[in-house]
Amino acid sequence: MGARANDWLPSAAYLYALTLDGPALAWEYLRRNPHYRAVYGRHVLGSDDETAYAACWGLRLLEDPTRDARCAQPVWLPDPAGLPQLHPDAAAEPDAPIFALWDMPGRKQLAHDGQRVLLTAYRPEGPLRAAFSPTLEHGIAYAHGVAAGARLRERWRAAAATMERFDSYYGRNATRSEDARAHAHAHGRPDRIALMHMRSLQTLDGLAAGATHREVAQALFGAAMVAERWHDLGELRAQVRRLAHRGRALVEGGYRRLLQIEAVRDGRLN
């Protein structure tokens, strides 16, 4: 994608970034990488070399960079930390949760990576992601799993919250507590890290469209504040520079860190 004219000016156009999780933010930065956009434009999707070119960017398949995180579904390689995997449970307990994909509230997207079906369900409290076996059918009990190997314990902890959310939707004894938590989250104030990412994305697009640092600051903080507080060594100019530096670091490869749960929580950007 590329910022054109004044498309980047309204901050409201970036509010969706406040609800994105790590994999979605990673995509927002990758799709702003001009080299990735060039690769996508040169190579025909479905060609023999698509997988090799995609792997260079941490993807299993090339994803269209004109699609933002609200409609794109990039398939990451390797999987994001904590991505749970759902399989048929051949030894299910009587009260085991039953898989019913379309009973889950929220907008859903599905993608097939050649071996598994990848689900993204968009909820007010943030996306819910999982990979499930093609043999997992509607109405049968399921079991959770995570990829084996190094850092298994960390991946399991990262996946635990997502697995609990799935069970709250599908468990026979589910309550409305999940919806109550989602409602509270959706109406809460955005945290500092989410706001920083939103402003970084807007800053990158403004600079790509040819805006000056001062013009970017006016879009981020308002013309009145800039008129009062802007000068060469001032804090506003320093903030724009930091946002640009962090954003470029993520665009140029740091986006891979956002696929790790710990990086998203503590705000590490590069």
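Assorted remarks:
- Restricting attention to segment 227-239, the residues being aliphatic (A, V, I, L, M) and over 19 Å from Met198 (Cα atoms) number 2.
- Strands (runs of 3 or more DSSP E) wholly inside segment 69-144 that include at least 1 residues being touching a strand residue (DSSP E or B) at 6+ places or on another chain (Cβ under 6 Å) and among the β-branched types (Val, Ile, Thr): 117-123
- Asn270 vs. criteria surrounded by fewer than 18 Cβ atoms within 10 Å (Cβ to Cβ), under 30 Å from Ala92 (Cα atoms), modelled with pLDDT under 95 and not acidic (Asp, Glu): no
- Within segment 165-204, considering residues that are of a type in the set (S, T, N, Q) and in a loop (DSSP other than H, G, I, E, B), the one modelled with the lowest pLDDT: Asn173
- When Ala121, Ala91 are screened for being free of Cβ contacts under 8 Å to residues at least 12 places away in the same chain, over 24 Å from Arg32 (Cβ atoms) and out of contact with any Pro (no Cβ under 6 Å at 6 or more places or on another chain), only Ala91 passes.
- Residue count for segment 211-235 under the criterion of being under 18 Å from Tyr14 (Cβ atoms) and part of a loop (DSSP other than H, G, I, E, B): the result is 2.
- Filter pass, Pro80 being surrounded by fewer than 16 Cβ atoms within 10 Å (Cβ to Cβ), closer than 23 Å to Leu18 by Cα and in contact with a helix residue (DSSP H, G or I) (Cβ under 9 Å, 6 or more places away or on another chain): no
- Any hit, segment 47-69, residues being at pLDDT 90 or above, of a type in the set (S, T, N, Q) and more than 29 Å from Ala158 (Cβ to Cβ): yes
- Test: residue in segment 12-22 that is assigned to a loop (DSSP other than H, G, I, E, B) and out of contact with any strand residue (DSSP E or B) (no Cβ under 9 Å at 6 or more places or on another chain): no
- Residue selection: Arg248 fails the criterion of being at pLDDT below 95 and among the charged types (D, E, K, R).
- Within segment 34-75, the only residue that satisfies the criterion of being buried (at least 20 other Cβ atoms within 10 Å of the Cβ) and touching a residue at least 60 places away in the same chain (Cβ under 8 Å) is Pro65.
The values are calculated or read from the model by the stated rules, or taken from the named source; none is laboratory data. All of these numbers come straight from a predicted model, not from anything done at the bench. Here Cβ is always computed from backbone atoms with ideal geometry, including for glycine, and neighbour counts include all displayed protein chains.
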